[in-house]
Amino acid sequence: MVDNVLNNGYGEKERREEIRMKAATYQEQTGASMTFYAAVCEEFHSMQACYEGLSLEEAVEKYKEIREDPRLAYYGNAMGVEIHDESLEEYDGYAFPLVEGSVIEGGNLDYVKELAIHPLAREALERVREVFPEYRFVPPAEIKESIYPEHMTADKLARALLDLANEFDAYDFMDQVESPETALTEIKYNLLAGLGMQE
């Protein structure tokens, strides 16, 4: 249920749909495209097998084959996207890692400003998240800020924690919390006082 809240709550569905629409519009207007790759060794693609110019499905299949061989984990396996867009200049066709090991490294986008805001890179990240739901996801700064705003008030944070507790285990939550408003006030007080949640 926690995954459901993080993946579908707080406007996630709407955010993903908006990303898809922007990517489709951008492709139509510019002719830009994207392919994917899977590499045994992310740091040095030529050191071991690297499969480039693949569809997402092909890249996922190759990546899963790589990950199934425990001898290859030592090399630092990765899968990522190649954005083919002349406006990117030095990053046109650049192999950019989105998955490293069993972690979706969305935060990697923050290192390249042009890719962090590129519609196809953002779409690629969302598509990768969908095909690897069991992988840990490290969100880029934009997503992190939308879920956990830097200047979130204690009231908003308390409400988010209460919603998460309810979604996580609704039956247990209803058995233990007689009045959600009282619980909200208690959580808010604990946050302001610097205390953790009490038993």
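Read-outs: derived from the displayed coordinates by stated rules, not from any lab. The shown structure was predicted, so the numbers you read here are calculated from the model rather than taken from an experiment. Ideal geometry is used to build each Cβ from the backbone, glycine not excepted, and the neighbour counts take in all protein chains shown.
Can you compute the modelled spin-label distance between GLU14 and GLU130, with each label point 7 Å from Cα toward Cβ, in nm?
2.0 nm
So if we plug the beta-carbon distance of VAL103 and VAL177 into 1/(1 + (r/R0)^6) with R0 = 25 Å, what FRET efficiency do we get, rounded to 0.05?
Efficiency computed from Cβ-Cβ geometry: 0.15.
Order of 13-19, 34-40, 176-182, 138-144 by packing, highest average Cβ count within 10 Å first?
Taking the mean over residues of other Cβ atoms within 10 Å, the ranking is 34-40, 138-144, 13-19, 176-182.
Checking the table LYS113/LYS156; LYS22/LYS64; LYS13/LYS156 against a 24 Å threshold on Cα-Cα, which pairs fail?
Table pairs above 24 Å Cα-Cα are LYS113/LYS156; LYS22/LYS64.
For region 36-65, which GluC sites (Glu not before Pro) pass both filters: DSSP loop (anything but H, G, I, E, B) and at most 14 other C-beta atoms within 10 Å?
GLU43
Step through the residues of region 47-53 one at a time and calculate ³J(HN,Hα) from phi using the Karplus curve (6.51 cos²θ - 1.76 cosθ + 1.60, θ = phi - 60°), rounding each to whole Hz and writing x for Gly and Pro.
5, 9, 5, 9, 10, 10, x
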